[in-house]
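For reference, the structure discussed in these notes is given below.
What follows draws every value from the coordinates through simple rules; no lab data is involved. Treat the numbers as computed from the prediction; the structure is a model and nothing was measured. Cβ sites come from the backbone with ideal geometry, for glycine too, and all protein chains shown count toward neighbours.
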Amino acid sequence: MTGHGACCYNITEDPQAPVRRKISGHPVRATRKTAAIGKTGKTKAANIHDRILALLTHLGRPVSAYAILEELGGGTGTRVYPQSVYRALNALIERGLVHKLDSVNAFSVCTHPQQPHDGIHLICDDCGVAEEILDPRVTAMLNKDAESLHFQKRRQAIELHGICGNCRTA
Ligand SMILES: [Zn+2]
Ligand SMILES: [Zn+2]
């Protein structure tokens, strides 16, 4: 099985788990991922899906479910329940708008939601930013290898760790 349906699965993250990365004080880089920052202006009236998408777009890097919960509940005076956040994240993953990055246990907004694809992410160990790349050749090669072993693929998540271009030149 290929395509977006292949990347759907349930999140079983512990809401009490410690925050992996702090949000406050982290520099938000001026990448194309932060271009939709103006969206946050409508979050007051928008539903939780829009608020999560706006938050991930604004931060421009992967964020843990717990950090998302903290951010959504912080300062608004409205209670945000963990189950609502997990449900919303699962729905966003199913719609192909968000990816879960297993190796950092965090969520990232999809930068190519209009094209069905399997996620390939380059994750910077210095600043935590994840760059998503599309390379159908990689998926085609892996599908062929899996087929030759009679392996039925459900989901594909490729995560490369290293140092991003910004951090290398900093
Ligand atoms: Zn994507
Ligand atoms: Zn970096």
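Observations
- Among residues of region 99-115 being within 12 Å of ligand 1 (Cβ to nearest atom) and among the hydroxyl-bearing types (Ser, Thr, Tyr), the one that is surrounded by the fewest Cβ atoms within 10 Å (Cβ to Cβ) is THR111.
- Filter result for ARG87 (among the basic types (Lys, Arg), in contact (Cβ under 8 Å) with a residue 40 or more places away in the chain and farther than 21 Å from GLY60 by Cα): no
- The single condition among (1) surrounded by 14 or more Cβ atoms within 10 Å (Cβ to Cβ); (2) within 16 Å of ligand 1 (Cβ to nearest atom) that TYR86 does not satisfy is (2).
- Identity of the residue in region 116-159, outside any helix (DSSP H, G or I) and loosely packed, with under 13 Cβ neighbours inside 10 Å, that ends up nearest to the chain's Cα centre (by Cα): ASP125
- Scanning region 133-170 for residues that are more than 16 Å from ligand 2 (Cβ to nearest atom), of a type in the set (A, V, I, L, M) and in contact with an Asp or Glu (Cβ under 7 Å, 6 or more places away or on another chain) yields one hit, ALA157.
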